[in-house]
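> The structure's right below; bear with me while I get my questions together.
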Amino acid sequence: MTEHVLLIGMMGSGKTSVGRRVAELLGRSFRDSDAEIEAATGRTVREIFETDGEIAFRREEATVLRAALEDDEPAVIAVAGGAVLDAENRRLIVEHGAPTVWLHAALGVLASRASTGDHRPLLGDEPLAALERLYPEREPIYRDLATLVVDVTDATPDDVAAQIAERVLA
Ligand code: S3P
């Protein structure tokens with residue numbers, strides 16, 4: 001198997017923590033689009049949002065996603081929550097044909113998990129309200145792209161990762 005494994009889903013769904021574990025289980029490297037943007041630009045996600053705006057951030061996001069997908073070394077890739085809003089990013093994901101796992105949970109659960117960290121300026125002071133605003137546009141996109149949906153509501157990152165690794169290796 002030479003394809004990447006992609007993790008998609010809303011902020012707080014655990015793409016990074018689960019992705020790291022899946023990568024360990026599969027013996028692959030782990031790539032996270034937010035971390036790659038920060039490494040490539042030398043700036044934080046928040047700084048880019050606040051100084052240059054969301055459109056500029058989305059451009060950086062598309063660049064790192066393309067580079068990750070085009071890399072021949074199979075990896076586990078955490079695709080930041082909003083990257084799928086871009087039609088060209090979606091086209092690349094579909095064209096790549098990799099297992100694409102949607103980490104899914106109720107918005108209330110996501111809101112409490114997404115409150116940690118500083119790289120989610122879209123959540124503002126009211127994470128649940130922000131997620132409720134963003135979700136209707138994103139939900140059909142995640143559903144469409146997903147080749148596997150995992151409910152992460154009651155599962156630990158280790159359990160979720162084990163489920164994903166098992167399915168990918170099957
Ligand atoms: C965003 C998700 C964040 C980060 C940025 C925007 C989004 O990444 O890219 O704050 O629009 O959903 P995570 O999905 O890793 O939280």
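> About its Cα centre, how strong a charge dipole does the range 57-170 have in debye, to the nearest 20, once Lys and Arg get +1 and Asp and Glu get -1 at the Cβ?
260 debye
> Output the relative contact order of the chain, whole-number percent, from Cα pairs under 8 angstrom with separation of 6+ residues.
36 percent
> Keeping every protein chain in place, order Tyr135, Tyr142 by accessible area at 1.4 Å, biggest value first, i.e. largest first.
Of Tyr135, Tyr142, the descending order of accessible area is Tyr135, Tyr142.
> Counting only protein heavy atoms and using a 1.4 Å probe, what share of the accessible area of the chain belongs to carbon plus sulfur, as a whole percent?
Of all accessible area on the chain, carbon and sulfur atoms account for 49 percent.
> Spelling out what I want: for every residue of the range 24-31, take phi, set θ = phi - 60°, compute 6.51 cos²θ - 1.76 cosθ + 1.60 (Karplus), and round to whole Hz; glycine and proline get x.
Along the range 24-31, the couplings run 4, 5, 8, x, 10, 7, 10, 10 Hz.
> Sticking with this structure for a sec: Between Arg59 and Glu132, what is the label-point separation in nm under the 7 Å Cα-to-beta-carbon projection?
Roughly 3.5 nm, to one decimal.
> Of Phe49, Leu85, Ala62, which is farthest on the positive side of the dipole of the range 30-89, counting Cα position, with +1 on Lys and Arg Cβ, -1 on Asp and Glu Cβ, and the Cα centre as origin?
Looking along the dipole axis, the top candidate is Phe49.
> Across the range 72-87, in residue order, what do the Karplus-derived ³J(HN,Hα) couplings come to in whole Hz, using 6.51 cos²θ - 1.76 cosθ + 1.60 with θ = phi - 60° and x for Gly and Pro?
6, 7, x, 10, 9, 10, 8, 8, 3, x, x, 5, 6, 6, 8, 4
> Could you work out the local net charge near Pro74, counting Lys and Arg as +1, Asp and Glu as -1, over the other residues with Cβ closer than 9 Å to its Cβ? Before the final figure, lay out the partial values.
Values: positive: Arg28; negative: Glu3, Asp71, Asp72, Glu73.
Residues near Pro74 contribute -3 overall.
> For the range 32-47, in order, what is each residue's ³J(HN,Hα) by Karplus, 6.51 cos²θ - 1.76 cosθ + 1.60 with θ = phi - 60°, in whole Hz (x at glycine and Pro)?
Per-residue couplings from phi come out as 10, 5, 4, 5, 6, 5, 5, 5, 6, 9, x, 10, 7, 4, 4, 4 Hz.
> Could you give the Stokes-Einstein D for the range 118-170 in µm² per second, using the C-alpha Kirkwood radius, 25 °C, 0.890 mPa s?
183 µm²/s
> Taking every eigenvalue of the Cα gyration tensor of the chain, multiplying by 5 and rooting it, what semi-axes result, largest first, whole Å?
23, 19, 15
> Using amide H atoms built in the peptide plane, which far-off residues or other-chain residues are under 5 Å from Ile77 H to H?
For Ile77, the qualifying residues are Val5, Leu6, Leu7, Arg31.
> By how many nm would the segment from Arg90 to Ala170 grow when fully extended, if each residue of separation counts as 0.36 nm and the alpha-carbon distance is taken off? Before the final figure, lay out the partial values.
Working: separation 80, 0.36 × 80 = 28.80 nm, distance 2.52 nm.
Between Arg90 and Ala170, full extension yields an extra 26.3 nm.
> Could you identify which residue out of Pro121, Pro99, Pro74 has the top mean-square fluctuation in a GNM of the chain using Cα springs shorter than 10 Å?
Ranking Pro121, Pro99, Pro74 by mean-square fluctuation puts Pro121 first.
> Still on this structure: Skip the ligands, DNA and RNA, and give the accessible area per residue of the range 52-159 with a 1.4 Å probe, whole Å². List each step's numbers first, then the result.
On the way: 5460 Å² over 108 residues.
Result: 51 Å² of accessible area for each residue.
> How much solvent-accessible surface does Glu38 expose, in Å² to the nearest 10, with a 1.4 Å probe and all protein chains in place?
Roughly 70 Å² of Glu38 is accessible to a 1.4 Å probe.
The values are calculated or read from the model by the stated rules, or taken from the named source; none is laboratory data. Fair warning: this is a prediction, and the values are worked out from it, not measured in the lab. Heads up, the Cβs are rebuilt from the backbone with ideal geometry, glycines too, and the neighbour counts pull from every protein chain shown. Side chains are part of the model used for accessible areas, which takes the heavy atoms of the whole protein and leaves out ligands, DNA and RNA. Shrake-Rupley method; radii C 1.70, N 1.55, O 1.52, S 1.80 Å.
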